[in-house]
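Asks: What follows is a structure written as structure tokens; I'll ask about it next.
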């Protein structure tokens with residue numbers, strides 16, 4: 001049986017995921033972020049939360065992984081456009 005991502009990768013789903021911020025959808029994590037940490041974001045999608053983590057982690061490193069190659073490409077492009085040097089997908 002093939003795995004299926006329930007929300008799918010329709011334009012509406014990707015747009016919603018792209019609008020998420022670490023403040024709106026990951027605030028529970030904020031108290032634990034500190035300089036020098038390495039963070040792995042599993043199921044990073046288009047990378048909006050991953051990039052938000054990277055922005056808050058000076059001298060830290062963030063890696064986002066996702067089962068969808070298209071999401072990884074989008075995330076990497078978004079990180080590059082944001083000028084983030086401490087994140088990889």
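Since every read-out is calculated from the coordinates, none of them should be taken as a lab result. What you see is a predicted model, and the numbers here were worked out from it, not measured in a lab. Cβ atoms come from the backbone with ideal geometry, glycine included; neighbour counts cover every protein chain shown.
Asks: Any chance you could get the radius of gyration and Dmax over the Cα atoms of the chain, in Å?
Replies: 12.9, 42
Asks: Order the peptides 19-31, 55-67 from the highest to the lowest mean number of other Cβ atoms within 10 Å of their residues.
Replies: 55-67, 19-31
Asks: I'd like the orientation of helix 69-82 relative to the chain: the angle between its Cα long axis and the longest Cα principal axis, in ° from 0 to 90, rounded to 10.
Replies: 40 degrees
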